[in-house]
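S.K.: Here's a structure for you.
The values are calculated or read from the model by the stated rules, or taken from the named source; none is laboratory data. What you see is a predicted model, and the numbers here were worked out from it, not measured in a lab. With ideal geometry, Cβ positions are generated from the backbone for all residues, glycine too; neighbour counts draw on all protein chains shown. In case anyone asks, the SASA skips ligands and DNA or RNA and just uses the protein heavy atoms, side chains included. Shrake-Rupley method; radii C 1.70, N 1.55, O 1.52, S 1.80 Å.
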Amino acid sequence: MSLDANPAAGARPLVLGSTSPYRRELLARLRLPFTTDAPRVDETPQPGEAPAALARRLALAKAREVAARHPQAVVIGSDQVADLAGQPLGKPGTHDRAVAQLRAMRGQTVIFQTALTVVCADSGFEQSDLAAVEVRFRDLADDEIERYLRAEQPYDCAGSAKSEGLGIALLDAIHSDDPTALVGLPLIRTARLLRAAGLRLP
């Protein structure tokens, strides 16, 4: 997917290593032309792997895998893992798993670990960062969970919490230094790494 070009952008093409519509919409805010390419990465957690480490590993693997096919491009890889008391919660995929996730998170504070890696194979550039977003969930009743899931169907969202939609009503508080990180791409950190990679932003 290509977006309107910004004449101030650097000469290297920009590739978002993701098919997520949420990340695509967020990256479009920077008004840089970019395309998307799906990373071919096994997202299975390793035994005992901490959520932050899992998010970092997958963001790096996604960026490197896509960069291998686009060596002259600046490639963004990102991954998000919900951290509930040290246990990783990924995308539920099904309604029943989403119910189980939200029941486990109700009344709890969950850390959404959003990792970011920017790679340019041709120049040898590779940098990573991590945005941790602290989210406090309300003490949700079962019928609230069911109504939310039927309305939003957030089965492709880590921890089943689609905060840019109705999921915001599930929460008591959000604490973050990079406001878009919870949606899936921390734009403050993304802009910082893209500048470091040589792209010109406003």
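S.K.: Taking segment 114-158 on its own, how many of its residues are in a strand (DSSP E or B), of a type in the set (S, T, N, Q) and open to solvent by 20 Å² or more (accessible area, probe 1.4 Å)?
M.R.: Initial filter on segment 114-158 (in a strand (DSSP E or B)): 114-120, 125-137.
Within this subset, residues satisfying the condition of being of a type in the set (S, T, N, Q) are 114, 117, 127-128.
Cutting the leftovers down to open to solvent by 20 Å² or more (accessible area, probe 1.4 Å) gives us 127-128.
Matching residues across segment 114-158 total 2.
S.K.: Could you please find all residues in segment 151-184 being aliphatic (A, V, I, L, M) and either over 15 Å from residue 94 (Cα atoms) or without any contact (Cβ under 8 Å) to a residue 12 or more places away in the chain (or both)? Working first, answer last.
M.R.: From segment 151-184, those aliphatic (A, V, I, L, M) are 151, 158, 161, 166, 168-171, 173-174, 181-183; that's our starting set.
Selection gives 166, 168, 169, 170, 171, 173, 174, 181, 182, 183.
S.K.: Tell me whether segment 86-98 contains one or more residues that are free of Cβ contacts under 8 Å to residues at least 24 places away in the same chain and of a type in the set (Val, Ile, Thr).
M.R.: Looking through segment 86-98, none of the residues is free of Cβ contacts under 8 Å to residues at least 24 places away in the same chain and of a type in the set (Val, Ile, Thr).
S.K.: Follow-up question, since we're still on this one. Out of all the residues in segment 185-202, which are among the small types (Gly, Ala, Ser) and either without any contact (Cβ under 8 Å) to a residue 12 or more places away in the chain or surrounded by fewer than 16 Cβ atoms within 10 Å (Cβ to Cβ) (or both)?
M.R.: 196, 198
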